[in-house]
Amino acid sequence: MSVSVSDAAVSEVSTSRFLRFWTAQTVSQVGQRFGMVALPVVAIETLDAGAAEVGYLTAALTVCYLLIGLPAGAWVDRWSKRTTMIRAAVVRAVVLAGVPVLWAFDQLSLVWLYAVAVIVGVASVFFDVAYQSYVPFIVSDKDIERANARLESSAQISAAGGPAAAGLLLKAVSAPVVIAIDAVAYVVCAGFLATVKDSEPSRREKAGEDSRLARDILAGVRFVVGNPVLRRLCVSVGVSNFFATITMTLTPLLILRTLGLGSTVMGGVLGVGTLGGLLASLTLPKVRARFDAGKVMAVGLVLAGVSMVAFPLAGSLDESAFVIPVALLVLGQFGMTWGAVTFNIAQVSVRQRVCPKNMLARMTASIRFVVWGSMPVAAILAGWLGSHIGIVPCLWIGVAGAFLTALPIIGMDRLIHSATPAPEPGV
C-alpha cells in the first residue's frame, strides 16, 4: 500500500512540473509566432525593405544552427537545461524589446533588425536544444510519448492561431508593438520555467566530466553515428526534411502563380495543414498504445508522401478550375502535416528513450545540424530546378523522394526493442 501511495505522489509531482513546463513552452510558441509575423512586417512597412533584405532577415534567424548547432549541444549537456532555457528566453525578451524602443526614438534600421535576428536566432538554438532534451528529466519513460504529443499539440495550435492573431493585431497597432508583446511572452515563459523542478544533475555534479569542447562535440556525433536506431532516424529525418523543403518552397509559387489562386487561399491551405498536425498530436498516444513506434513512424512517412501527390496533381489541372485544385491542396496539406507530425512525435520520443540523459543535448544538436543543414540546400535546389524544368515536375521529384524516407525505418522495431541506453559516459 505504501508503494502505491509513493507512486501516486511521484506521479502527481511529475504531472505538476510537466504542466508548468508545458505552459512555458506554449507561451513561448505563441510569442515566437507573433515575432515571425511581425519582424518581416517591420522590415517591409517600417523600414521599406525589399525582397533581398527580407531574405537576409530570414537567413539571419535560421543560419545559426549551422554555425553553432554542434557546440551548442555540447554546452547544453554541461549546463542545466532549465537554466539554459530561462536565460535564452530572457535574452530574446531583452533584444526584442529593443525594437519598439529604437522605433519610438526613430533609431531603428535594417542593420539593427539584422542584429536582433542573429541574437534571437542564437538564443533560439540554445533554447531549442535544451527544450528537446528536457522532457526525460521531468516525466517518466512511459510518459515521454504523451508529453511530446501534448507539447506538439500546443505548437500546432500556436502555428494555426498565432499568425492569424498577429495579423488581426497588426491592423490595430504597429508591428513594433506586436514585437513588444513577443518580448513579454518570453518573460512569462522564463517565469514559468523558474518554477519547474527536475531530476537533472546539478552543474556541480557534472563538473568532473571532461570539459574539452571538441571532444564533447565529437562524442555526440559518434554516438549518433554508432547507434543503429539514431543513425537510421538521422538519415530518415534528414531525407524527409530535404524533400519536404523542396515541396514547401515551391508551394507558394504553385498556388499564387501556377494556379493563380491568391494569398487568401494560400493562407487557408496552410492553416488547414496545422489542423492535421493538431489531430496527429491528439491521436498519437492512443495509436502508440496499440502499435510499435517503428510501424507508427513508417505509416506517418507514407501518409505524408501519399498526401504530397496532391500538390503536383493540383498543378496539372486546367487553370480555369478552382474547386478541385483547392480541394486537392487542402487534403494534401492536411494529410502531409498529419503524417509528418505523427512521425516527428514518435521519432523524438524514441530518440529520448535510447539516449543516455547526459548525451541528450549533443544527440539533439547533431541530428538537428543535419536536419537544418538540409533546408538551405533543398531550397536553393528547388528554386533552380523550378526555374529550369518547371514547378510541377519539381514537385513530382519531391513526392518521389518523400517515399524514400520510410526505407531506413524498415526493421526499426527490432532495433528499438533491443536498444537500451548505454551507461552515461563521462564525456
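The values are calculated or read from the model by the stated rules, or taken from the named source; none is laboratory data. Quantities reported herein were computed from a predicted structural model and do not represent experimental measurements. Don't worry about glycine lacking a Cβ; one is built from the backbone with ideal geometry, like all the others, and counts go over all protein chains shown. Heavy atoms of the whole protein, side chains included, go into the accessibility calculation; ligands, DNA and RNA do not. Shrake-Rupley method; radii C 1.70, N 1.55, O 1.52, S 1.80 Å.
Every condition in (1) open to solvent by 10 Å² or more (accessible area, probe 1.4 Å); (2) in a helix (DSSP H, G or I); (3) not acidic (Asp, Glu) holds for residue 107 except the one numbered (2).
Number of residues in region 305-352 that are part of a helix (DSSP H, G or I) and either of a type in the set (Val, Ile, Thr) or farther than 19 Å from residue 386 by Cα (or both) equals 32.
Out of 343, 334, 311, 322, one residue alone is within 14 Å of residue 233 (Cβ to Cβ) and either modelled with pLDDT under 80 or of a type in the set (A, V, I, L, M, F, W, C) (or both). It is 343. The residue that is nearest to residue 249 (Cα to Cα), among those in region 380-395 that are at pLDDT below 85 and buried (at least 16 other Cβ atoms within 10 Å of the Cβ), is 382.
Here residue 273 passes the criteria (1) closer than 18 Å to residue 241 by Cα; (2) modelled with pLDDT under 85; (3) surrounded by fewer than 24 Cβ atoms within 10 Å (Cβ to Cβ) except the one numbered (3). Can residue 403 be described as out of contact with any helix residue (DSSP H, G or I) (no Cβ under 8 Å at 6 or more places or on another chain) and touching a residue at least 12 places away in the same chain (Cβ under 8 Å)? Spelling it out, it is not the case that residue 403 is out of contact with any helix residue (DSSP H, G or I) (no Cβ under 8 Å at 6 or more places or on another chain) and touching a residue at least 12 places away in the same chain (Cβ under 8 Å). For first residues located in region 238-260 and part of a helix (DSSP H, G or I), partners that are buried (at least 23 other Cβ atoms within 10 Å of the Cβ) and of a type in the set (Phe, Trp, Tyr) and lie 6+ apart or on another chain with Cβ distances below 9 Å form the pairs 240/343; 247/311; 250/311; 251/311; 254/311. When 343, 369 are checked against the criterion of being in contact (Cβ under 8 Å) with a residue 60 or more places away in the chain, closer than 30 Å to residue 219 by Cα, among the aromatic types (Phe, Trp, Tyr) and open to solvent by less than 30 Å² (accessible area, probe 1.4 Å), 343 stands alone in meeting it.
Restricting attention to region 71-96, the residues that are open to solvent by less than 40 Å² (accessible area, probe 1.4 Å) and either out of contact with any Leu (no Cβ under 8 Å at 6 or more places or on another chain) or not aliphatic (A, V, I, L, M) (or both) total 13.
Of all residues in region 29-51, those satisfying the criterion of being without any contact (Cβ under 8 Å) to a residue 60 or more places away in the chain and more than 20 Å from the chain's Cα centre (by Cα) are 44, 48, 50, 51.
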